[in-house]
Each structure stands twice: as C-alpha cells, then as structure tokens.
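Novice: A single structure is presented below for examination.
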Amino acid sequence: MEAAPNTSYWLDIFALVYFFIVWALYSHTTANGFLGKKSLTYEMNQARRQWMATMATRELRMIDTSIMIGLQQGTGFFASTSILAIGGCFGLLNSSGRVLTLFHDLPFLGNTTQQLFETKILGLLVLFAYAFFKFAWSYRLFNYCSILIGSVPMARDKGPDDPVVLAGINRAAGINIQAGQHFNSGLRGIFFSIGYLGWFLHPVLFMITTTLVAIVLLRRQFFSRARDVLMQNSVSADS
C-alpha cells in the first residue's frame, strides 16, 4: 500500500532534477562551444560590439542614449513583472488549501498533499526571485554602460585605432553584452517557469512541458527567421 506514494515521491524528484538538467543544458548550449557561436544570442552580441564601434564615430550620441533608455525600460518592466509574480505566489501560498479543494477532482492532480503543493509554489517563487535579480542586475549594468558610452573618446579626434578609443569601445561593449546576458538569463527563468507549471498537475506533465519550452527556445536560438537574417548579414559583411 505504501509503494504508490513512494513511487510518486521519486517521480517528483526525478522530474525536478530533469527540469534543472534541461535548463542547464540549454544555457550551456547557447552560450558555449561551437553551437554557441551559431546562436541568435551570439550574433546579437556581435551586433552590440559593432554598435559600440559605430558609436565612437558619432559626435552626437543621442541615438545611443535613446537605445540605452529603451533597453533599461524593457529590463525594468520585466523586473517589475517578476515582483508582481512573487507577490502572486505569496497570495497563492495563503490560499493553497482552497486551491487544492478546487483542483481535487482533476484527474491528473493525483494525491497531492497541501505540503507538496506549497513546496511547488515555493519553487515557483524561487524562479521568479531568480528572474528578478537577473533583471535588476541587468538594469544596473545597462546604467553602467550608459556611463561608459559617455566616456568613450571620439574616434575622429584620436583615430579609430587609438588604444584609448579601442579600450573604451571594448569596455562599453563588454558591459553591454554582460547586461544582455543577464537579461536573457532572467527571461530564461520566466520561460522555464511556464514549463514548471506542469508540475502542479503531474510530474510527467512537468517533464513534457519542460521539454516543450526547451524545444521552443532552441528553435528561436538556432532555427528562427531572425537568426537567419542576422547570419545572412554577417556572411555578407565578412565577404
């Protein structure tokens, strides 16, 4: 009689481990190695470097500051959204008993206890907290990048190959790329939290939704039209 609950417990553990493995593998694949250099993120990082090099040739950098403001506003929006989601998780914790009563007749929910249900909510809260910290740090880095943009000397005055100009470009581009990476990590947390919702119904569904989210994200990184456009332009520029 105790075998079924024990089996369900280990299935939950396996599904949770699977979730983090898929997340880690996706993050590693898109950021490192040969495949990482074929990703949409890599192409955008190259565009960020080109942006900073072009910025150094402009006398008036209002265009660059406008772009930075847009990036900061987008990052701030997602940070605020993460805070709201965290508040929603606390509200769900407060009414977990009533929610379980409403879900009691669902065929896929099984014999979920209130303790397990609240543990799942806490896990979701942690995901949103992770996303918030990533967005908040990204916002701060974009702010630093704005300062670095203002500190880059004009290439026209010192020459495009001047060490001071190149160092300023590299610093601004590096911080901009770091800000983008943390922003992407925050978005990744939001995306995978959608897959995490499957756990509230069944651990097998949890693994399925996690896999589907990873497939969607991989497609956008390696097989999307946006990536094809950037790759074509990159090839044209190299030739």
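The values are calculated or read from the model by the stated rules, or taken from the named source; none is laboratory data. What you see is a predicted model, and the numbers here were worked out from it, not measured in a lab. Cβ atoms come from the backbone with ideal geometry, glycine included; neighbour counts cover every protein chain shown.
Novice: Among the numbered criteria (1) within 15 Å of ASP64 (Cβ to Cβ); (2) under 15 Å from the mean Cα position of the chain (by Cα), which one does SER138 miss?
Specialist: Tallying (1) within 15 Å of ASP64 (Cβ to Cβ); (2) under 15 Å from the mean Cα position of the chain (by Cα), SER138 fails exactly one: (1).
Novice: Determine whether GLY180 is surrounded by 15 or more Cβ atoms within 10 Å (Cβ to Cβ) and touching a Leu at 6+ places or on another chain (Cβ under 7 Å).
Specialist: Criteria not met by GLY180.
Novice: For segment 1-12, does any single residue satisfy the condition of being closer than 23 Å to GLY168 by Cβ, in contact (Cβ under 8 Å) with a residue 40 or more places away in the chain and of a type outside the set (Val, Ile, Thr)?
Specialist: no
Novice: Of the numbered conditions (1) out of contact with any Lys or Arg (no Cβ under 8 Å at 6 or more places or on another chain); (2) among the β-branched types (Val, Ile, Thr); (3) at pLDDT 90 or above, VAL99 satisfies every one except a single condition; which is it?
Specialist: (3)
Novice: Follow-up. Within segment 125-153, can you find the residues that are surrounded by fewer than 17 Cβ atoms within 10 Å (Cβ to Cβ) and part of a loop (DSSP other than H, G, I, E, B)?
Specialist: Answer for segment 125-153, where residues must be surrounded by fewer than 17 Cβ atoms within 10 Å (Cβ to Cβ) and part of a loop (DSSP other than H, G, I, E, B): just PRO153.
Novice: Would you mention how many residues in segment 197-218 are in contact with a Lys or Arg (Cβ under 8 Å, 6 or more places away or on another chain) and either closer than 21 Å to PHE78 by Cβ or not aromatic (Phe, Trp, Tyr) (or both)?
Specialist: Total satisfying the criteria: 1.
Novice: In addition: Would you check if PHE19 is in a helix (DSSP H, G or I) and within 24 Å of ARG219 (Cβ to Cβ)?
Specialist: Against the criterion (in a helix (DSSP H, G or I) and within 24 Å of ARG219 (Cβ to Cβ)), PHE19 qualifies.
Novice: Which of the residues that make up segment 217-230 are part of a helix (DSSP H, G or I) and loosely packed, with under 14 Cβ neighbours inside 10 Å?
Specialist: ARG219, ARG225, ALA226, ASP228, VAL229
Novice: Conditions first: (1) under 25 Å from the mean Cα position of the chain (by Cα); (2) loosely packed, with under 12 Cβ neighbours inside 10 Å; (3) at pLDDT below 90; (4) within 21 Å of THR211 (Cβ to Cβ). PHE34 passes all but one, so which condition is the exception?
Specialist: The number of the failed condition is (4).
Novice: Now for a separate question. In the set GLN50, GLN73, which member is surrounded by fewer than 15 Cβ atoms within 10 Å (Cβ to Cβ), under 19 Å from the mean Cα position of the chain (by Cα) and not hydrophobic (A, V, I, L, M, F, W, C)?
Specialist: Result of the check over GLN50, GLN73: GLN73.
Novice: Considering THR41, THR57, THR65, THR29, which residue is farther than 30 Å from VAL165 by Cα, in contact (Cβ under 8 Å) with a residue 24 or more places away in the chain and either among the β-branched types (Val, Ile, Thr) or outside any helix (DSSP H, G or I) (or both)?
Specialist: Within the list THR41, THR57, THR65, THR29, the selection yields THR29.
Novice: Taking ARG156 as meeting all but one of (1) loosely packed, with under 15 Cβ neighbours inside 10 Å; (2) among the basic types (Lys, Arg); (3) within 27 Å of the chain's Cα centre (by Cα), write down the number of the exception.
Specialist: (3)
Novice: In contact with a Pro (Cβ under 8 Å, 6 or more places away or on another chain) and more than 25 Å from LEU124 (Cβ to Cβ): which single residue out of THR41, THR57 fits that description?
Specialist: After ruling out the rest, the residue left standing is THR57.
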